[in-house]
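Report on the following structure.
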Amino acid sequence: MDKTKKKIYNAYTTWVVENKKRPEFIEAFVIEAAISEETFLKYFDSFKSLEKSFWKELFTEAVTKTSLQSEFAEYSVNEKLLGFYFTWIETMKEYRDFVVFTLNKLSFYELYPSEFESLKKYFEEVVRQLVAEGIASGEIANRPWIADKYQHLLWSQPVMILRFWVKDTSENLSGTDALIEKTVNFSFDLMRSNSLDSFVDLAKFHIQHR
Amino acid sequence: MKEYNNIPTSKVQRASKFLKTGAKIGGNYMRHYTRKIFDEQVDKTVLHEENAHDIYESLSHLKGGALKVAQMMSLDQGLLPKAYQQKFAMAQYSAPPLSYPLVVKTFKEQLKKAPLELFDSFTSKAVNAASIGQVHQATVNGQKMAVKVQYPGVAQSLKSDLQIVKPVARLLFNISDADIDYYMDEVQEKLIEETNYDLELQRGTEISKACNHLPNLVFPHYFPALSSNRIITMEWMDGFHLDHFLLKQPSQEIRNMIGQALWDFYDFQIHVLKKVHADAHPGNYLFRADGTVAVIDFGCVKEIPLDFYQQYFRIHDRDFATDPSKFEEWLYDLSFLNTSDTPKEKVLFQGLFREMVDLLGKPFHSDEFDFSDGDFFKKIYDLSERITSSKEVKNANAARGAKDGLYINRTYFGLYYILNKLEARIITKSYTFALAS
C-alpha cells in the first residue's frame, strides 16, 4: 500500500474513532492531521472517495499478501477464497474500531454502507476470476447463465463475515474463523457439481420427451 | 473431605456419592467397555425414546466441546438407544476438517510463520482427526514429524457446551444439579486443560522422561520451538491403532509384552508419579509389531491428590478388603456410604460396593491375571447392567463417590478394555506400589 495513502487512512480512521463522527471539512481535517491539503487532494477529492478507496485497498492488500504465500500455489479455488478472507480479517484488525463505527452507523435496512462500492466491484472481479479458474479445474460446475452470476451472489459473504466480525467477542476472534470456513465450504458445496445438476438434467430429459 | 459439604443434605439427596454419578458414570463406563466386548444389544435403555431424541438434538448441534463431553461422560454408547447412537456417531465423524488456509493462519498467529517457512514439507490435508484438532505430517531435514493443530474456538466453546450438556447429563444420571456440578467441575477443568497444548507438551515431556526406564514403552520427542498453545509438533511415530494391529494377528508373546508395558505404565504413574494419563483410550496409543507401544497423547492428565490417594488405595490393603468393619469405614471415608443413608440403602450399597470392589480388584488379588478371561468381563458387564437398571439405585437420588475417583475409574476401565482386546496375560503384582508404601 502506498505509504502516503496509508498515512492518510490512519489519520482519517483515528480521527473518526476519536470524534465518533466523520469530519466535515477537508481543510479543517488536514490541519488537524498534519497533512498538506495538496497531498490529500492528490489522492482523494472527498472523504467519501477516501473511504471507498480505503475499503477496497484493504481487500486488495489481502489478496496480494495471500498470493505471495508459498502455500498459495497448492491452494484449490476454495482455499484461495478462504485465504483471502482470513488475511483480509487480519489486515482489518488494525482498523477494528473504525470498522465497528462504520457498521454501527448502518440503518436497519442497509446490508452494507455505500462506501463499499469500490470494494464490491473489486471483490466481484476477483471472484469472477476464481470462478473461471474453478470451472476450468472442474471444482465448480459450469451451469449456464447461473455461473456468470456467482460473483454477485458471493458478495454477501464478505458482508456477512464483516457484520459477524464486529460483534465477535470470542478470544482471538476465532468465531469469525469458524464462520469463514463454514460459509465458504457451504458456497462451494453449492457451486460444485451436485444433485441439483442431475436434477436439472433429469427435468430437461422429461421436458424434451413429453 | 470438605467437598462433600457442598452437596445438599435433604433426606432424599443425602444418600450421596459413588453409586450415582460415580457408579452411574462409572457403571456406564463399565457397561460401555464390556458391552463392546460382548457386543450385546442394550435395549433396556434407561431412557425414554423422547428423551434420547432431545439429547441427540441438543448434542448434534454442537461440535468439539460437547462431543468431547459426551465421550467423557460416556453418553456416547451404552446409554443412548441404538438408532441415536448411530446418528450421533455420524455427527461425530462429520466434523469437517480445518481448511489449509486456516491452518496457515493459525501458524502465522501462533508461531509468526507459515508452515512451509518452518518445515521442509507439510501435508496440506490432515492425515488424522482428533476430537478437538487434526494432525498433519511434516518433515525437517528428513525427520518426520506429527503436527497437531487445534480447531479454532474450541477452548471458548467448551464452557458454553458444558452448560448445554448439564441438563442432559442430569436427565441421564437422574441426579441433582448440585451433584452434577460437583462432577462437572472436575470434567470441565480437565477439558479446559486439554485445550492447552502448552500444558500437554509440558506434561508429555515430563511423564515420558519419568517413565522412560519402563521397558517397551516409546514416547515421541517434542519440539517446543515448533509448538504453541494451539499447535504441538512431535516426532512422527510409526505403529497401528489397536484394531488394525490385532488384524495382523500378533503372537501371544508380543501381546503380553505390550499389555505388560501398559500395565507397568499405569501402575508407575498412579503409585509413584501420582499423576496419570487419564485417557486410557485405545486411540492414544500406537501398537507395534516388535512388542512396543507408543504413547501419543497427553491431553488428559489427572493429578491425584495425596489424601485421596491414601484413602482410595487403602483397599489394596488386604485388611481393609477382607475385614467387614474396616471395609465399611473405607466406604464412609470415600463417601460411598453416607451417615444419612437409610438402613436399607446402607445394606444395598454396601452389598453392591462389596461386589464391585471384589470384581474390579480381582486382577490385583493374584500375581498374574489373564485378561482374555471372558467370564471376568461378563461378570463386570452383568454387575454394571444390574446397577444401571436397578430401581433402588436409581431412586437413591444422589451421587456417590469422590470426584477424584472419576478419572481413576475411567483409567482402569480403559486399561482393562485394552488388555482384554489384547488378550494379554499380565503380571499384576504392583512392584511400584509396594515400593511407594
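Just wondering, is there one or more residues in segment A:79-99 that are within 14 Å of chain B (Cβ to nearest Cβ) and more than 18 Å from the chain's Cα centre (by Cα)?
no
Is one or more of the residues making up segment A:109-132 within 14 Å of chain B (Cβ to nearest Cβ), of a type outside the set (Asp, Glu) and farther than 21 Å from residue B:151 by Cβ?
So in segment A:109-132, the residues within 14 Å of chain B (Cβ to nearest Cβ) come out as A:130.
Pick out the ones that are also of a type outside the set (Asp, Glu) and you get A:130.
From what is left, the residues that are farther than 21 Å from residue B:151 by Cβ are A:130.
Yes - at least one qualifying residue is present in segment A:109-132.
Look through segment A:163-183, keep the residues that are assigned to a helix (DSSP H, G or I) and touching a Ser or Thr at 6+ places or on another chain (Cβ under 7 Å), and return whichever of them is nearest to the other protein chains (Cβ to nearest Cβ).
Keep residues of segment A:163-183 that are assigned to a helix (DSSP H, G or I), which gives A:163-165, A:171-183.
Retained after the next criterion (residues that are touching a Ser or Thr at 6+ places or on another chain (Cβ under 7 Å)): A:164-165, A:181.
Working: A:164: 13, A:165: 13, A:181: 6 Å.
So the residue we want is A:181.
Restricted to segment A:17-38, and to residues that are outside any helix (DSSP H, G or I) and among the aliphatic types (A, V, I, L, M), which residue is surrounded by the most Cβ atoms within 10 Å (Cβ to Cβ)?
Only one residue fits best here, namely A:35.
Run residue A:192 past the list (1) within 14 Å of another protein chain (Cβ to nearest Cβ); (2) surrounded by 13 or more Cβ atoms within 10 Å (Cβ to Cβ) and report the number of the one that doesn't hold.
(1)
If I go through segment B:124-146 residue by residue, how many of them are crowded, with 16+ Cβ neighbours inside 10 Å and within 14 Å of chain A (Cβ to nearest Cβ)?
The qualifying residues number 7.
Being closer than 22 Å to residue B:231 by Cα and touching a strand residue (DSSP E or B) at 6+ places or on another chain (Cβ under 6 Å) is the filter here, so list the residues in segment B:282-294 that pass it.
B:285, B:286, B:294
Pairs please, first residue from segment B:106-123 and at the interface with another protein chain (Cβ under 10 Å from one of its Cβ atoms) and touching a residue at least 40 places away in the same chain (Cβ under 8 Å), second anywhere and part of a loop (DSSP other than H, G, I, E, B) and small (Gly, Ala, Ser), Cβ atoms under 7 Å, 6+ apart in sequence or on different chains.
Taking only residues 6 or more apart or on different chains, the pairs are B:107/B:114; B:110/B:228.
Search segment B:292-326 for residues being of a type in the set (Asp, Glu) and part of a helix (DSSP H, G or I), and hand back the single one that is modelled with the lowest pLDDT.
Looking at the filtered set, the residue picked out is B:319.
I'd like the full set of residues that are in a helix (DSSP H, G or I) and in contact (Cβ under 8 Å) with a residue 12 or more places away in the chain, limited to segment A:131-152.
To start, the set of residues in segment A:131-152 that are in a helix (DSSP H, G or I) comprises A:131-137, A:147-152.
A:131, A:133, A:134, A:135, A:137, A:147, A:150, A:151, A:152, listed by residue number.
Scan segment B:268-283 for residues that are buried (at least 20 other Cβ atoms within 10 Å of the Cβ) and not in a loop (DSSP other than H, G, I, E, B) and report the count.
6
Going by the conditions given, is residue B:312 among the hydroxyl-bearing types (Ser, Thr, Tyr) and surrounded by 15 or more Cβ atoms within 10 Å (Cβ to Cβ)?
yes
Filter segment A:66-89 down to the residues that are crowded, with 16+ Cβ neighbours inside 10 Å, part of a helix (DSSP H, G or I) and either of a type in the set (Ser, Thr, Tyr) or in contact (Cβ under 8 Å) with a residue 24 or more places away in the chain (or both) and list them by number.
Just the residues of segment A:66-89 that are crowded, with 16+ Cβ neighbours inside 10 Å, to begin with: A:66, A:69, A:71-72, A:75-89.
Now drop any that are not part of a helix (DSSP H, G or I), which leaves A:66, A:71-72, A:77-89.
Once the filter is applied, which keeps residues that are crowded, with 16+ Cβ neighbours inside 10 Å, part of a helix (DSSP H, G or I) and either of a type in the set (Ser, Thr, Tyr) or in contact (Cβ under 8 Å) with a residue 24 or more places away in the chain (or both), segment A:66-89 yields A:66, A:77, A:78, A:80, A:81, A:82, A:84, A:85, A:86, A:87, A:88, A:89.
Tell me, please, whether a residue that is on the phi < 0 side of the Ramachandran plot, surrounded by 21 or more Cβ atoms within 10 Å (Cβ to Cβ) and modelled with pLDDT of 80 or more can be found in segment B:383-395.
No: zero hits.
Could you run through segment B:103-117 and say how many residues are more than 16 Å from residue A:73 (Cβ to Cβ), in contact with a helix residue (DSSP H, G or I) (Cβ under 6 Å, 6 or more places away or on another chain) and of a type in the set (A, V, I, L, M, F, W, C)?
So the count comes out to 1.
Does residue A:186 meet the test of being within 13 Å of chain B (Cβ to nearest Cβ), in contact (Cβ under 8 Å) with a residue 12 or more places away in the chain and either in a helix (DSSP H, G or I) or surrounded by 12 or more Cβ atoms within 10 Å (Cβ to Cβ) (or both)?
Answer is no for this residue.
Does at least one position in segment A:47-65 carry a residue that is within 21 Å of residue A:182 (Cβ to Cβ) and either within 14 Å of another protein chain (Cβ to nearest Cβ) or without any contact (Cβ under 8 Å) to a residue 12 or more places away in the chain (or both)?
yes
May I ask you to list the residues in segment A:140-162 that are among the charged types (D, E, K, R) and either within 14 Å of another protein chain (Cβ to nearest Cβ) or surrounded by fewer than 16 Cβ atoms within 10 Å (Cβ to Cβ) (or both)? Can you show your working first?
From segment A:140-162, those among the charged types (D, E, K, R) are A:143, A:148-149; that's our starting set.
Result: A:148, A:149.
Inspect all residues belonging to segment B:148-157 and state whether any of them is modelled with pLDDT of 90 or more, in contact with a strand residue (DSSP E or B) (Cβ under 7 Å, 6 or more places away or on another chain) and away from chain A (no Cβ under 14 Å).
Yes, segment B:148-157 contains a residue that is modelled with pLDDT of 90 or more, in contact with a strand residue (DSSP E or B) (Cβ under 7 Å, 6 or more places away or on another chain) and away from chain A (no Cβ under 14 Å).
Tell me, please, whether a residue that is over 24 Å from residue A:114 (Cα atoms) and either surrounded by 11 or more Cβ atoms within 10 Å (Cβ to Cβ) or within 19 Å of the chain's Cα centre (by Cα) (or both) can be found in segment A:39-50.
First, pick out the residues of segment A:39-50 that are over 24 Å from residue A:114 (Cα atoms): A:39.
Filter once more, so that each one left must be either surrounded by 11 or more Cβ atoms within 10 Å (Cβ to Cβ) or within 19 Å of the chain's Cα centre (by Cα) (or both): A:39.
For segment A:39-50, residues over 24 Å from residue A:114 (Cα atoms) and either surrounded by 11 or more Cβ atoms within 10 Å (Cβ to Cβ) or within 19 Å of the chain's Cα centre (by Cα) (or both): present.
The values are calculated or read from the model by the stated rules, or taken from the named source; none is laboratory data. What you are looking at is a predicted structure, and each value in this text was computed from that prediction instead of being measured. Glycine also receives a Cβ, built like all others from the backbone with ideal geometry; neighbour counts cover every protein chain displayed.
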